[in-house]
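Working notes for the structure below.
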Amino acid sequence: KGRKIKAWHIGDPASPVKAVFLATMHGNEAAPAKLLLNLRDGAPITGADIWVVPYVNPDGYHRHTRKNARGVDLNRNFPVKWIRQHGDYNSGRRPRSEPETRAMMRFLRDIRPTYVVSFHQPLYGVDNSYSKTRTLATNLSVNLGLPIKVFSCNNGCHGTMTQWFNKRLPGAAITVEYGKPMTWDQKQVSGPAGLLENGAWQSKQRP
């Protein structure tokens with residue numbers, strides 16, 4: 001519907017460690033966006049080159065729906081292990097059929113982050129499905145106060161952003177699921193602080 005997908009560049013652009021934090025890939029899972037907005041609006045960050053994209057699916061967010069304006073689940077539309085799905089998990093007519101999917105693929109290829117953290121709700125945990133993200137999963141579990149889990153996507157994961165990124169790009173992408181609802185502390189305090197405490201990107205706030 002012409003709504004922009006906005007990314008903010010925060011942190012230290014000179015750092016060799018790049019991290020991208022994403023939220024609201026599903027429009028009805030928007031609470032983690034507040035965590036990223038609070039990180040964006042907080043104290044200056046040193047130690048890592050960070051991008052935040054609070055609303056990957058702005059049409060879905062506007063409509064309060066999981067899927068985009070064309071009725072596609074963006075996290076089933078990426079071109080790795082894609083299969084045709086319908087209903088709540090409609091994967092689109094073909095891989096990367098959706099403009100949001102193509103925009104995120106271009107963005108991540110351009111940035112080439114070392115780490116990607118994709119925030120969702122409401123499964124309450126840090127995904128531990130990929131061997132290349134095991135250390136990252138442990139750090140995020142401790143710092144965000146969330147349990148480690150393996151997310152199965154109900155009928156098996158197909159066409160997800162993390163599958164595509166971990167297969168096609170050298171960095172590590174991981175899914176973090178908060179509960180529904182998120183607490184004020186998770187959005188305002190423990191979430192932003194926990195991300196910055198992660199040893200993977202060695203970020204810290206200036207006094």
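To put it simply, the accessible area of the chain at a 1.4 Å probe is 52 percent carbon and sulfur.
Among the listed options (i) 49, 34, 32; (ii) 49, 42, 30; (iii) 80, 41, 27, the one matching Cα extents along the principal axes in Å as calculated from these coordinates is (i).
Straight-distance candidates among the lysines for linking to residue 149, with alpha-carbon spacing under 19 Å and chain neighbours fewer than 8 residues away dropped: 132, 180. Sequence-ordered 3J(HN,Hα) estimates for the range 96-105 from the Karplus curve with 6.51, -1.76 and 1.60 and θ = phi - 60° stand at 6, 6, 9, x, 5, 4, 5, 5, 5, 5 Hz, glycine and proline given as x.
To the nearest whole percent, what portion of all C-alpha pairs in the range 104-149 is separated by more than 14 angstrom?
Above the 14 Å cut-off, the range 104-149 has 55 percent of its Cα pairs.
The residue list 174, 58, 151 was ranked by how far each Cα lies along the charge dipole of the chain toward its positive end, using unit charges on Cβ atoms, and 58 comes out on top.
In the chain, helices alone account for a calculated mean residue ellipticity at 222 nm of -7500 deg cm²/dmol, with every DSSP H run of four or more residues adding -39,500 (n - 2.57). A full extension of the chain between residue 138 and residue 12 corresponds to an added length of 42.9 nm, given 0.36 nm per residue minus the alpha carbon distance. Secondary structure note: in the chain, about 30% of the DSSP beta bridges are antiparallel. Taking 22 Å as the straight-line reach from the Cα of residue 1, the lysines in range (excluding those fewer than 8 positions away in the same chain) are 67. Across the options 78, 189, 126, the greatest Cα extent toward the positive end of the charge dipole of the chain (unit charges at beta carbon of Lys, Arg, Asp, Glu) belongs to 78. Applying 1/(1 + (r/R0)^6) with R0 = 35 Å to the Cβ-Cβ distance of residue 148 and residue 1, what FRET efficiency is obtained, to the nearest 0.05? About 0.40, to the nearest 0.05.
Assuming charge only on the beta carbon of Lys and Arg (+1) and of Asp and Glu (-1), the dipole of the range 56-207 about its Cα centre is about 600 debye to the nearest 20.
Protein heavy-atom accessible surface, 1.4 Å probe, per residue over the range 86-190: 47 Å².
The values are calculated or read from the model by the stated rules, or taken from the named source; none is laboratory data. Computed from a predicted model, the values in this text were never measured in an experiment. Counting neighbours? That spans all protein chains shown, and the Cβs are built from the backbone with ideal geometry, glycine included. Each accessible area value is taken on the protein alone, full model and side chains, heavy atoms only, with ligands, DNA and RNA left out. Shrake-Rupley method; radii C 1.70, N 1.55, O 1.52, S 1.80 Å.
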